[in-house]
Amino acid sequence: MKNHKIALIPGDGIGPEIIAEGRKVIDAVSDKENFKIKWTPYPFGADHYLATKELLNEEALKEISGMDAIYLGALGDPRVQPGVLEKGVLLALRFYFDEYVNLRPIKLLEGIECPLRNKTPKDIDFHVVRENTEDFYVGIGGHIPEGKSKQHLEVKRSLYNVKFGLDIEADGDELAYQIGVISSKGSRRVIKYAFDLARKKRKTRVTAVDKANVLTNMYSLWRKVFAEVAQDYKGIETEYNFVDAITMWFVKQPEWYQVVVAPNMFGDIITDLGAMIQGGLGLAPGGNINPDGISMFEPIHGSAPKYKGMNRANPIATIWAGALMLDEIGEEKAANDVVRAIEEIIKEGDVKTKDLGGTATTSDMGDAIVSKLKE
Ligand code: IPM
Ligand code: MN
């Protein structure tokens, strides 16, 4: 029997509740499909940080490096300044394990009410491949309270180290800046992933997102690499969309899209919109993928602190993220079982959480999916 080791990080807010349902479903499907999961929980998140001042630790990262994947609930807590947990835990994990693809399927399930009039599951079924290590997420910049400043900024990645020495002289009194970084290697690997995904899913079009009409430095490199990669994928049609325009088209004509590849920040923004057109954040899963390393799976929504402990959040995004994880660790059959069970529960419509207009609890939904799996 196959064994998989999974690091479990429930995190903050509704994280522990939704991750418990995900774990329940994965355990159920592992019995059915004859493999075993060894879960190793880690306490990272707000409580741990407030008690110890620690965000992550090297020992845990080393341990996790020997595992098969990470299953994450959500991070973020009102008791901690915004950015501390997000950067110190979530982004730190994405960067440490070099999870350079953020894969976000946008799929309207049958039985879900779509906020777009006249759109059906046939019309909303595509993937956003979001770059996950670069762009404005490299986290460097500065705040200059007075007119002069010297800054040494550094970005360390598996692909490169880049150092900026900045001598800043400004005659305004206070300013702040943030530096985005795009590299050709960093762009190439994620764009290649998008084209490979298109091939694997028998899709015929890949759309690149950018803002090359304004942020000309970063995104003309992005475009150049996209054009180069496209050369190797004859038979796949390509196009460029500006990020503002694609938000309009996601609403107006979502059926156009098959595989969309986006730089980190634009990918972040358009996938919240993607989540809404597939019926809401409660349904949208994501995977932070390093195809040759340790990948991490999570719902794309946040920790919803006001619903913490209420057994009310929809666990489907997390359960679906669990299916993406099963797929990535080689349990494709189990992954399909889980997605099918979610689809059937939704289609039957008897068990609906609050966000779907029903009264079912988080655990009711998990239980329903487990019993569907056992049928
Ligand atoms: C997401 C989230 C994160 C991101 C935040 C919490 C850092 O919004 O996963 O989409 O911006 O990537
Ligand atoms: Mn986001």
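The values are calculated or read from the model by the stated rules, or taken from the named source; none is laboratory data. All of these numbers come straight from a predicted model, not from anything done at the bench. So basically every Cβ, Gly included, is an ideal-geometry build from the backbone, and we count neighbours across all protein chains shown. The area values use the complete protein model at the heavy-atom level, side chains included, leaving out ligands, DNA and RNA. Shrake-Rupley method; radii C 1.70, N 1.55, O 1.52, S 1.80 Å.
Values computed for the structure shown
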| item | result |
| --- | --- |
| Overall form of region 3-125 per C-alpha gyration tensor (a/c, 1.5; a/b vs b/c) | oblate |
| Cα gyration tensor shape of region 96-181, rounded if a/c is under 1.5, else prolate or oblate by comparing a/b with b/c | oblate |
| Percentage relative contact order, the chain, counting C-alpha pairs under 8 Å, at least six apart | 23 percent |
| Environment charge of Tyr49, counting only residues whose C-beta is closer than 15 Å and scoring Lys/Arg +1, Asp/Glu -1 | -2 |
| Average Cα contact separation per residue, region 76-185, under 8 Å, 6 or more apart, as relative contact order % | 23 percent |
| Charge tally in the Cβ shell below 15 Å around Gly358, where Lys, Arg are +1 and Asp, Glu are -1, Gly358 excluded | -2 |
| Ranked by how many other beta carbons lie within 10 Å on average, peptides 91-103, 114-126 from highest | 91-103, 114-126 |
| Centre separation in Å (Cα based) which lies between region 191-220 and region 1-37 | 33 Å |
| Accessible-area composition of the chain, carbon plus sulfur, in percent [1.4 Å probe] | 50 percent |
| Global geometry of region 301-375, whether rounded, prolate or oblate, following the gyration tensor of its Cα atoms and the 1.5 cut on a/c | oblate |
| Sorted peptide list for 217-229, 271-283, criterion being average Cβ within 10 angstrom, highest first | 271-283, 217-229 |
| Average Cα contact separation per residue, region 124-256, under 8 Å, 6 or more apart, as relative contact order % | 23 percent |
| Between 0 and 90°, nearest 10: helix 332-348 axis offset from the chain longest Cα axis | 70 degrees |
| Protection proxy ranking of 128-136, 208-216, 247-255 - average other beta-carbon atoms within 10 Å, highest first | 128-136, 208-216, 247-255 |
| Degrees separating the helix 316-328 axis from the principal Cα axis of the chain, which is the longest one | 80 degrees |
| Heavy-atom accessible area per residue - the chain, 1.4 Å, Å² | 45 Å² |
| Theoretical gain in end-to-end length, Ala176 to Glu228 [0.36 nm per residue, Cα-Cα removed] | 15.2 nm |
| Alpha-carbon centroid distance for the pair region 117-145 / region 55-88, whole angstrom | 20 Å |
| Cα-based helix-to-principal-axis angle, 15-33 vs the chain, degrees rounded to 10 | 60 degrees |
